[in-house]
Every structure is written in structure tokens, then in C-alpha cells.
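Worksheet: one structure, shown below.
Only the coordinates and a few stated rules stand behind these numbers; no lab work does. Note that this is a predicted model, so its numbers are computed, not measured. Don't worry about glycine lacking a Cβ; one is built from the backbone with ideal geometry, like all the others, and counts go over all protein chains shown.
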């Protein structure tokens with residue numbers, strides 16, 4: 001039965017250097033220098049004298065993607081300030097209608113009475129379906145006044 005022998009790269013290099021085979025270090029450097037400068041084995045002189053190829057400047061920058069809707073300003077409306085401060089925009093979008101995933105409900109434009117009732121029901125545990133389990137710890141830190149202000153602000157969006 002033949003035994004498998006595991007040979008590492010370092011042991012191959014050691015055997016090659018002991019047997020007098022010249023290692024082609026320059027060949028390795030010529031292959032990697034186009035990507036960037038590499039200081040092999042402390043060769044500071046070679047690294048200092050070699051020039052790195054710099055890419056030519058691009059003709060025109062690519063068009064930037066459309067910016068996401070701006071977060072509501074706190075000074076604009078107390079409901080907007082509470083919505084932003086409580087992190088509601090993370091799931092419902094900064095404007096209440098641009099959600100990051102289709103499974104999160106769009107709140108903007110809903111009736112203020114409906115929104116307030118839903119927030120209160122989630123907070124009390126009366127509503128426990130869908131993704132309310134994710135929202136329960138968040139809404140627990142929202143006061144009744146903040147819920148009312150957020151509901152009124154969202155209804156105007």
C-alpha cells in the first residue's frame with residue numbers, strides 16, 4: 001500500500017534551494033507587480049524604485065443611483081421626529097412609504113385613527129399576528145402622545 005506524502009510549498013522551496021535550483025523570484029514579482037507593489041522578503045530597494053502603474057482617469061463618472069427619500073426633519077413635525085427617533089423608518093421607510101422589503105407595511109396615507117389603533121393594539125398585545133412580534137419591543141418604548149403624533153404625521157404623508 002502506497003503512503004501519501006503531503007508536501008507543502010515551503011518544503012518544496014527548501015528542497016529546491018538545497019539542490020541548487022534557482023528560484024525565479026523575479027518571475028513571481030513580474031506577475032504580481034502589475035496589480036500592485038509587493039515587498040518580498042524585505043526588499044525595500046526594489047519596492048522603492050519600482051513604479052506602480054496608475055490607471056488613466058475615467059472619461060466621465062457613472063450616473064449616481066437615485067437618492068433614497070430624505071429622513072423627516074425633527075423640527076418639521078413632532079410625529080416625524082418621533083418616527084425618526086424610534087427607528088420606525090428602518091422597516092417602514094424614512095417617509096413611511098418606501099419600505100426596504102415588500103413584507104413591511106407602508107404606513108403613509110393611512111387613516112390616523114387606524115394607525116393609532118394598530119399601534120395601541122400591538123403595544124397591549126391585542127394584535128399579535130403577522131410581524132407584530134418584531135414591533136412589540138419597539139412600540140413598548142413609545143408613549144401614547146408619540147403614537148398619536150406619528151399617526152397624524154403618517155396620515156398626512
Open item on the list: Multiplying the sequence separation of residue 132 and residue 77 by 0.36 nm and subtracting their Cα-Cα distance, what value in nm do you get?
Closed with: 17.2 nm
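Let's test the formula: R0 of 30 Å, r as the Cβ-Cβ distance of residue 117 and residue 84. What FRET efficiency results, to the nearest 0.05?
Values: r = 22 Å, r/R0 = 0.74.
Efficiency, rounded to the nearest 0.05: 0.85.
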Task: residue 101 versus residue 140: modelled label distance in nm, points set 7 Å from Cα along the beta carbon direction - done: 2.1
Task: Shape call, the stretch 78-156: gyration tensor on alpha carbons, a/c limit 1.5 - done: rounded
